[in-house]
Structures are given as C-alpha cells and as structure tokens.
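Below is one structure, written out as structure tokens; the observations come after it.
All of the numbers you see were taken from the coordinates with simple rules; none came from a lab. Owing to the predicted nature of the structure, the values given are computational and were not obtained by experimental measurement. Heads up, the Cβs are rebuilt from the backbone with ideal geometry, glycines too, and the neighbour counts pull from every protein chain shown.
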Amino acid sequence: MGFLSPLLLLLGAAAAIPLVLHLLKRDRDRRVVFPALRYLHRATREHARQIRAQQLLLLFLRIGIVAAVTLAAARLLLPLPGGVHEPTAVALVLDNSLSSGVIEDDRRRLDWMKETARRVVDRATEDDLIWVLRAGEPWDLALPLQPAAARIRIDETEVSHARSSLDEVLLRASRLLTDASQPARELHVLSDYQTGALSEGTALDLPPGTRVLASEPAEHAPENRFFSDVLVGGGLPPIAGERTQITARVATSGTDPVGAIEVRLVVDGEVRAATESESDGSVTLPLGPFQTGWVSGHLEMDPDALPEDDRSFFVFRVREPPVVTAEGEDMYFLEQAFDVLDGAGRVRHTSAEEPNLVVLAGAAAQEEWTHEAPLLLLPPSDPARLPAFNRALSAAGIPWTLGVEASESVWSVADVGIPVAIEGLEVRRRYRMEPRGEAHPRETLVALSDGSPWLVTGETEAGPYLLLASPLSEEASDLPVRAVLIPFVDWVTARWAGGGTVSMLHAGDPLATPSGATHLYLPSGAERAIDDTHRFVETAHVGIHTILEGDSIVALAAVNAPPEESRLSPLDPQQLSERLTPDLYVLDEPDAWERAAFGTGTASEPWKVLLVAALLLLLIEGRVAASGAGDRTRDAGGISAD
Amino acid sequence: MSDPYARAPTANPGRADLLDPGSLAKLGDMELIARRVVEGFLLGLHRSPHRGFSAEFAELHAYRPGDDLRYIDWRMFGRSNRYYVKRFQEETNLRAYLLLDLSGSMDWSSNPGELPTKSWYASHLAAALAHTLIRQGDQVGLVAFDEEIRHHVRPRGGPRQLRELLLTLTSAESGGRTAAEGALREAALRLRRRGLVILLSDLLLEAEPTRQALHFLRHRGHEVIVLHLLDPGERDLPSGGDVRFFDPETGDEMGVNVPDVRSEYRSAVNEAVAEWRGALRPHGIEYGVIGTEQPLASALRRYLQKRQRLG
C-alpha cells in the first residue's frame, strides 16, 4: 500500500474535525429559549439509546467521508493485481533460436513467446524501460524502448537459424538491469532451454530485488530429425564429368520413437535420388556427373516438429582438372603425387599451360614471382637461405616470417582445419612461423602439438597463398612418405587451384567472399552489398547465398542450421533455478505471466471507489441526519386539531 | 390529508375571526379585537348554509322529540319550515369559568413580531369567549394562574362584567411556573351548580395532578373544555445543528443536536398530545389542540360545538 501524493494525507487531519466537534459541541452550542423542554426531555429519555447510536453512526459516517476523500486525494495505492506499478526496468529475453520454431499444438513456440512478451509490454507504462533482447539473430543495439517500440521489436522477431547464446544474452540483461535507474527491475526469460543453452556455473549476478520470471522448461522434447556431417565428394568438389557422392548423417533428438526416415536429394529443384535411413544412421547418395560450373541442392526429409532443420543445403563448383606446376628443391615426392593425380584425372601436371597452382620451394621461392596463380610455398632445407626466403615473402606481401628453431625437437600434427586426415603426422624439422603486421587476412590451417602454426594461408594483392613451415622432405616430416600426401595434394589443388571447396557454413558464421565480389543475394532473395572486408556476417537464415561481382555469379555458399540447435532436450528445471536465481517465478501461461509481470509495487489506485464510497456515505449521512426532520406532513398529522 | 395547522385565509378583511393572529394583533386593543372577532364569527354563522343557526344559538334550539310542543316557535316554522323551540333565559343561563394559564412558558413565541405569544393568544381567545358568552346571556368568570392564582373574577353576566374581564385580561402578566390543579380546584369550589370550565393552557405542567383536577371537575358534573395551545415552534424543533435549549419557566437547559433528535422530538409531542387526548376524552372532557398561528375562529367554533351540546 502506498500513496502517490502522500502530502495530501494531511487532509486526513480533517477526519478529526467531526470527532472534536462531537466532543466539544457542548461548549459551542447555540443557546435558544425554548419552553417546551419537557418534550425534549421526553424525546431524549425515550430514545436516548437510539439517539446515541445515531450520533455515533453520524460520527463514523463523517469520519469515513473525510477519510475516503483524503485517501482519494492522496492517491491511495492498494496492492492489487492489474493496477499501476512502480517504474520498472524490464529485460525481456526472447530466445528466438532455431528450436523456438518447434511446432506444438499447431503453434510455434516463438509465437507463444511473442504473445507472452506482448502481454507484458501491454502492461508497461511510459515510466517503464524495456529491453527486448534476442538470443538469436538479428542482433540489435541494447537500447531501452518505450512500450510501443518494444512491441514492434517483438513483432519483428522471427526464428533465427543462427547459433544463439542464451548465456550471453542473459549476461547482457544482467548488466543492463544493474545500470538501470528504475526502482524496480525484472528479468523475463522466454526460452525453451535446450540442453546446453545455459552453461553450468554460478547464478546470474543480478541487482538485488530483481524479479526473475522464466518460462517453464518442457517436460520432454518432441522428436526431431536433422542432418549433420553432410559432405560432398569427401570434401573435394568433383571434376567435370566425374561422378561423386554426398554423404550425411541423419540424427534424431527427443524421446519419441522414430521409424525409418526417407531422405531425398534435390539438385536444381529436382529429386535426383532417395533412400531410407534409420535414426542416427548415415546415408550416401550418388551425385553427378556435372558440367563445369556451380551446383547447388539440398538433402531433405519429411517435416517434423522443427521443420527448419529438415533440409541441408550444399553447393560446390565443378571444374576442369587444374594445371599444376612445381619449381625448386625437394620436389620428388610432390612430383610423384602430381603424377598420380594426373593419372586419375584430378590435375594436369604440365608446364606447357598457364598453371592454376604453382608450387615454389627453397631457392625457387626466392626469385621474383611472376605467376598470377595461387602459390604453395615451401621453405628451403638449408637454414642459411632462410633470410632470402623471408625477404621474398616480405616482398610478396605475405605477412609471415620464418625463423630457425633454437633446439631440435619432434612435434606432431595436432590441430587440423582441413578435411584431410593428417593428424598425428610426425614433424621433425620446422621453421618457427611468426606473423608480421596486420596487412592482410591470414589463417592457420594446421597447427602442431605445441600450438605453433604449420600450414597457413592468406591472400595478398597478387592472390591466395599457402605456406608450409617445413620443407617437403622425408627428413623434415612424415608427410611426403605417407599415403595421405595424395589426398593432401588433391585437396590443396582442388581448394586453391580455382575450384574452391564445398562451401558449407552454419547460420551465423561469417562468409568469406571472393575479392572481387560486390554483392550477394540472400535465400529470401534480398540483396546485400559486400564491403571491403569481404566478410559477410548476415548469414542468419539457411539456404543458398548467391555472391556476385557485377552481374556475374562468382560463388555460391550454402548455409545450414547449426546441428546443436536441433537437439531439443530440455534443461533440468533445477539447473535453470541454479543458473538464474533461486527466487524464480516459473510460468507456463501468458495469462499467468501477465499477472506476475510488474509485480514490484503493483497496486491499484481506487480513487473512483473511494469517491463513490464518500458520496454514498454522504448520502447515508444526509439521510441519517435528516431523519430528525423526517416527514413533516406525517408527523404534523399526528397532532389532531380536534 | 389537509394540514390542520395551515393558516386560514386572510382575504376577508371584514371577518376578524378569520384573521391570522399576527394580523389580528394590529387591529387594536383587546376589547376591539374581541368584539370584532365575535361579530365576524357570528356573521359567518348567519351566512352559513344552516340558516337560523345564530337564532338557535341565542334564543331557540331545534325541536327534539320530548320537547314541549307548547313552546314551538310557529313564526320561525313559517319562515324556515323547521321546528324551533323557544328557550327561556333561566334555562339557557350558564355559569362559565375561563381558566387562563399565565405561566412563564406562555410568554413565548417562536417567531416574535410575526406570531403572538401563547399568552397573547390565550388572553385574546379568552376575551372573545367571554364576549360570546356574555352576549349569549351567560355568566362568565375568570381565573388566571401560574403556580398560584393571580387573578380571580367571579362569574357574572352583563356588559360590566365583560369590561371587568377585559381589564383583568389586559393587566394579566405572564411569569412563574405552572400549577393548574389549584386553579381547577378553585373553579370547582366556586361553581356550585353545573357549569362550563374552559382551560386555556400550553399544558407544560405536571400532567397527572392537572388531569386529576380536570376529572374532578367533570365528576362534579361540569362541562370541561381544554384548549391546548401550541406554538408552531413547539411542534417542531427549530433548524440548526447543535443547540442548547433553555426553558425560561424552569431555568433548565439541554444541549442536543437538532437533526439527531428532530424525529424523536416530534414523536414526543405527538405522544404527549395523544396522552392528553386519551386521558380526557373518555371522561367526557373536550380536548383540542389550538395552534397559535390559527385564527381565533377555530377555537371559537370548538367552544360553540360544546355549547350546543350543553343546550
């Protein structure tokens, strides 16, 4: 209970007036000569109890009138639901991750969340501040919104296919509420709480007194099927006219039993192949042959509770066998590998044509490079020639410097970022690679067991390059003498000799576009410009992204949902309570949520009721007071003139 | 239901009996007022549908079975086609006592200047009654009292008696407490043969001794009329909130919140009136409430009705 205008409570002192008058009236009575006093004595004697009761009733009525008017003037607030509330800062977390697209009872979870959020916002006043924070994309600046703007933000929220982080958004909410100036704070968490959505650990560091309202975790997850580990051609795009295959794992989550699952392969809008899979089984479907150019398609299965992940898109570029050439020392093993691949039709090993990939090793790498093709650079075996090699790297704009190791050691290949199984290979000699400057983007593809880079890539103004930290000799590493050399070289030529990789991104991952790309089309058909960084980050929705340079398509990219977002197992409620706060309001209905929202200082201002009560009391008081006057005609008629 | 206390019309300036008391007081002295009231009253009777009534009133009475046929007035029969029997002076001569309350409570008006005091009203009504009675040939006496008998005029007839009565009434002053039983017993002692006793009082006195005295009078065979004078301000409490009421007669005071007790007060007045009526009428005592805002004619009519029954 409280008052919006407490100073006006001073009016309440007026309530004492009837009481004081009642007590002091004898001293302030008007004196009237009245001979018929015996009738008055008689009246008061016979009706003394009634008069006393009437006087007390009048006293209470008058005090009640003054009290009701005073309480109305002071704007009494009663702790009743549905009334006004203290100015409140509300962080409204909408978990619009992929799993919010689950359809239950013919309704998406996200729609339930949005309706609940709207109900909360509808109860907000202009004195409240609301942050609508999405766990998934699109990400927005965390600006406090007025109710109308917050409602628009809620209406605009759709299922995000990108990877989302409920943890991160809760931390943001916690910080925002801590900095809020409103006297009341509330955190509303609308989520399905997938397993892994909240990390284990200590509870959120929320400001004291913050009320936390959270949706109730589902008791069991609906059955969901989705694709994972989709791979075309073992990770290498097919050569023109070559048959290849696509493999995928059909995963399931949830507790409901799942029977055989039909998987269909769709290329260019036509079903090209189909098969059945058991739960958590793998499927392999034939693909091709194709002419040179970009190929896009998807694998699909029948829709289930979460239809967003029932397709898995892929793209690849079919190419002619790339022309490769190699110059320099220690080329024996590499030349052998080229010859094998040439025999398989994967490359053409010749110096008679303009190469698609040039391998430069040792001294050859020190000469001025005149090639426009991508380069695979191998350091010299003799450390004495390393300075000259570094100068050549610097001159070419490659931001790496190689140094001689102070002590000899043996390392193993540990962190592999390429689709070739070279883990565990032994490296006995390597140069220490150190980045130099920040001029161009660079990436470590393979690292050794000590964490140092072993194979790096990047792009200079002349084009892309690959740089290995060891010579390709049997003394330096096991790579040249192992069978894995063939797929390694095949991958290098496929990836860097103009064919590219099978580009498979997860929603939310940045998309590296070719250097000349100017814009792209999203799966929805919307056009987006590509800036100078050539990193496109708005990959929020699954589907094929078309990248253009002017009017020409220069690349395609397939974006799929992150597999972890497809696992719908709900969080343990106990874990939810530990992560958020022990004083958690767990709610499962929009109505209950609406009632619970803005619970701090929620009160109704019953001024209308008070004024009506005052009027009623006034009428009653008038009636009781006038009962002395009564009906003149009736009473006068009681004295007959006869 | 018509209001018995509504003021009578004052449109007829020739009928002083119909004037409201406030207007009547402006006409002149008591003798003039009494004479004009009575004359107006009798004039009204002549003009009433019951022709010959005034004659009956003065000299004749309507024939009743058992009356001696020798005394039928054949001249009146010829004029009115009704039988009247002549009355003899000896038969109609009546001894009447007017008992006038002079207590302090009578000297009060709820609206001074507009409404006369009960004392004024009572004395002028007594004067009018005396005038009527003497004009009729009756003997009229007067006892004016408060807690004691202040004035006593023995019953006699004739104009001289009327003048004495008017002088006494004019000189009588109100004051003191009230004890009517003494005056009533005095009247009972002095009326040796059956007579008429008219008590004019506000009855703000000890009720039981007064009732016993009235019953005694009645027991002695006298006809008794009690005219209970009520100021309109006594029937209803004045407006206002918290008021301290002071009784000039007893000196008592009482503070009340008027709205709180207004209804109960009115009930108390009604009950008191009902008690008086209930205590007197079964004994054959005529009792009437006269509001001091009413014209004197209404009080005279009440007397007349009683006088008719007396024959």
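A helix-only calculation puts the protein assembly as shown at -9500 deg cm²/dmol for mean residue ellipticity at 222 nm, using -39500 (n - 2.57) for each DSSP H run of at least four residues, averaged over all residues. Translational diffusion of region B:207-263 was estimated from the Stokes-Einstein equation, with Rh taken as the Kirkwood radius over Cα pairs; at 4 °C and 1.567 mPa s the coefficient is 90 µm²/s. Quick one: Debye curve from the alpha-carbon atoms of the protein assembly as shown only, equal weights, vacuum; give me log10 I(q)/I(0) at q = 0.05, 0.06, 0.07, 0.10 Å⁻¹ to two decimals. Per q value, in the given order, log10 I(q)/I(0) is -0.58, -0.66, -0.77, -1.13.
Can you pull the percent of Cα pairs in region A:84-166 with separation above 22 Å?
More than 22 Å apart: 24 percent of the Cα pairs in region A:84-166.
Across region A:113-254, the convex hull enclosing all Cα atoms gives 169 Å³ per residue. Using equal-weight Cα scatterers in the Debye expression, the normalised intensity of region A:337-417 in log10 at q = 0.17, 0.19, 0.22, 0.25 Å⁻¹ is -0.88, -1.00, -1.11, -1.18.
In this structure the amide hydrogen of A:A540, modeled in the peptide plane, comes within under 5 Å of the amide hydrogens of A:G508, none closer than 5 places in sequence on its chain. Quick check on region B:93-310: of the DSSP beta bridges with both residues there, what percent are antiparallel, nearest 5%? Antiparallel bridges: around 30 percent, rounded to the nearest 5.
Can you run the Rg to Rh ratio on region A:184-285? Use alpha carbon positions and the Kirkwood inverse-distance Rh. Expressed as Rg/Rh, it is 1.21. Where a ≥ b ≥ c are the square roots of the eigenvalues of the C-alpha gyration tensor, would you call region B:96-138 rounded, which needs a/c under 1.5, or, failing that, prolate if a/b is larger than b/c, or oblate? Because a/c hits 1.5 or more and a/b fails to exceed b/c, region B:96-138 counts as oblate. I'd like the FRET efficiency for A:S199 and A:A592, computed as 1/(1 + (r/R0)^6) with the beta carbon distance as r and R0 of 35 Å, rounded to 0.05. Efficiency computed from Cβ-Cβ geometry: 0.80. Antiparallel beta bridges, as assigned by DSSP with both residues in the protein assembly as shown, represent about 60 percent of the total such bridges. With the convex hull constructed from alpha-carbon coordinates only, region A:282-358 shows a mean projected area of 8.1 nm² over all directions. Between B:R70 and B:Q212, the simple label model (points 7 Å from Cα in the Cβ direction) yields a spacing of 4.9 nm. Taking a quarter of the surface of the Cα convex hull of region B:93-310 gives a mean projected area of 11.3 nm². A straight line joining the Cα centroids of region A:49-77 and region A:186-256 runs 65 Å. Along its first, second and third principal axes, ordered by size, region A:443-514 spans 41, 28, 27 Å in Cα coordinates. Taking one quarter of the surface of the C-alpha convex hull of region A:146-214 gives a mean projected area of 5.7 nm².
Comparing Cα centroids, region A:287-323 and region B:191-237 end up 127 angstrom apart. Is region A:454-595 rounded, prolate or oblate when judged by the Cα gyration tensor, a ≥ b ≥ c being the square roots of its eigenvalues, rounded requiring a/c under 1.5 and prolate requiring a/b larger than b/c? Here region A:454-595 falls in the oblate category. Pairing the Cα long axis of helix A:485-496 with the longest principal axis of chain A, what angle in degrees results, from 0 to 90 and rounded to the nearest 10? On a 0 to 90 degree scale, this one is about 60.
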